[in-house]
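Report on one structure; see the data block that follows.
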Amino acid sequence: MDRKEIESAVGTYLAQKGYGRMALKAAMFDMDGVLFDSMKNHAKSWHDTMAHFGMDLPEWEAYMHEGRTGAGTINIVSMRERGHEATEEEIHNIYQYKSELFNLCPKAERMPGAYELLVKVKASGVVPMVVTGSGQKTLLERLNRNFPDIFKRELMVTAFDVKYGKPNPEPYLMGMEKYRNTLSPALPRNEAGVPCGEIAPNHFIVVENAPLGVRAGVAAGVFTIAVNTGPLPDEVLLNQGANLLFHSMREFCDEWEKVYEELTVDS
Ligand code: CA
């Protein structure tokens with residue numbers, strides 16, 4: 001990527017948000033489709049599940065719903081295919097079936113380039129974080145096995161932390177909050193005991209592969225980098241407000257030095 005392109009993306013972001021400069025401290029990474037090549041499994045499981053229940057959900061469409069709750073996805077498809085929402089019982093059965101199919105899929109590999117990028121990010125003095133809608137119980141263990149010495153448990157946001165999930169900005173706002181609570185114990189507190197000052201959206205970046213994830217990062221006011229690791233056209237991610245777009249984690253890794261410089265120097 002041309003350095004000018006990165007500079008211009010940062011300039012546009014700063015002008016929109018009214019910040020004088022970027023001051024990158026932490027990078028919030030989504031997990032499925034960014035750190036793990038797991039979206040193919042999700043898409044196939046969704047397609048096969050809906051077919052089993054007599055509804056059509058093409059695999060590409062599963063990528064459009066990525067990040068939504070299971071119930072949200074089921075209801076959208078049910079409305080379209082049958083003209084009414086699914087009952088609680090149907091939602092339970094459909095989602096359980098989908099989870100069973102997903103668990104039968106081969107284990108998702110680490111996304112090529114992801115570990116190398118995380119090592120670079122950490123070496124730059126930027127704190128890598130995970131912000132995911134996933135609620136797998138073995139998530140931390142799996143992350144530590146695949147990305148040794150990169151992530152800290154107290155700096156992770158998972159399905160267990162949030163009420164709304166993406167595309168609501170909540171998970172990323174919570175990520176910023178966790179960063180502040182964990183790394184800035186000396187900050188002054190407001191009446192509610194919440195540390196105040198110091199931390200702002202321009203201290204972060206979001207790294208996302210899904211349209212709804214990009215929307216969540218943008219809504220949280222954070223410079224959002226889309227990595228298009230799936231089958232959707234780039235425009236779908238850019239239309240949600242992505243500030244920069246790479247076509248793979250490998251490409252982002254190769255360009256990290258340029259991105260880092262633009263995100264830390266005065267613009
Ligand atoms: Ca994702």
Revision key, fill the gap. Being under 19 Å from the mean Cα position of the chain (by Cα), surrounded by 14 or more Cβ atoms within 10 Å (Cβ to Cβ) and within 30 Å of Glu198 (Cβ to Cβ) narrows Ala26, Ala43, Ala62 down to just Ala26
Point to revise | Restricting region 248-267 to residues that are β-branched (Val, Ile, Thr) and modelled with pLDDT under 95, the residue that is surrounded by the fewest Cβ atoms within 10 Å (Cβ to Cβ) | key: Val265
Study note, to complete from the structure: Given the conditions (1) small (Gly, Ala, Ser); (2) within 20 Å of the chain's Cα centre (by Cα); (3) on the phi < 0 side of the Ramachandran plot, every one holds for Gly113 apart from (3)
**Study point:** Every residue from region 7-43 that is under 30 Å from Ser134 (Cβ atoms) and either assigned to a strand (DSSP E or B) or charged (D, E, K, R) (or both)
**Key:** Lys17, Lys25, Ala26, Ala27, Met28, Phe29, Asp30, Asp32, Phe36, Asp37, Lys40
Exercise for review: Tell me, please, whether a residue that is closer than 18 Å to Gly230 by Cα and loosely packed, with under 13 Cβ neighbours inside 10 Å can be found in region 134-153.
Suggested key: no
Revision key, fill the gap. The lone condition Gly54 fails out of (1) outside any helix (DSSP H, G or I); (2) touching a residue at least 40 places away in the same chain (Cβ under 8 Å) is (2)
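Given region 67-125, what helices (runs of 4 or more DSSP H) lie entirely inside it while holding 2 or more residues that are more than 28 Å from Lys25 (Cα to Cα) and at pLDDT below 95?
Because the criterion is at least 2 residues that are more than 28 Å from Lys25 (Cα to Cα) and at pLDDT below 95, the helices (runs of 4 or more DSSP H) in region 67-125 that meet it are 70-82, 88-104.
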Practice item. State all residues of region 13-33 that are within 9 Å of the ligand (Cβ to nearest atom) and either without any contact (Cβ under 8 Å) to a residue 60 or more places away in the chain or within 21 Å of Glu177 (Cβ to Cβ) (or both); if no residue qualifies, say none. Key: Asp30, Met31
**Study point:** The one condition in (1) away from the ligand (no atom under 11 Å from the Cβ); (2) within 18 Å of Lys107 (Cβ to Cβ) that Met55 fails to fulfil
**Key:** (2)
Practice item. Report yes if some residue within region 84-96 is closer than 28 Å to Pro233 by Cβ and over 18 Å from the mean Cα position of the chain (by Cα); otherwise report no. Key: no
**Study point:** Test: Thr49 is more than 30 Å from Glu262 (Cβ to Cβ), away from the ligand (no atom under 16 Å from the Cβ), among the β-branched types (Val, Ile, Thr) and more than 20 Å from the chain's Cα centre (by Cα)
**Key:** yes
Check your understanding: Is there any pair linking a residue in region 160-181 that is without any contact (Cβ under 8 Å) to a residue 40 or more places away in the chain and surrounded by fewer than 20 Cβ atoms within 10 Å (Cβ to Cβ) to one that is small (Gly, Ala, Ser) and outside any helix (DSSP H, G or I), with Cβ under 7 Å and at least six apart or on different chains, and which?
Key -> Phe160/Gly135
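The values are calculated or read from the model by the stated rules, or taken from the named source; none is laboratory data. Model, not experiment: these values are computed from the prediction. Cβ atoms come from the backbone with ideal geometry, glycine included; neighbour counts cover every protein chain shown.
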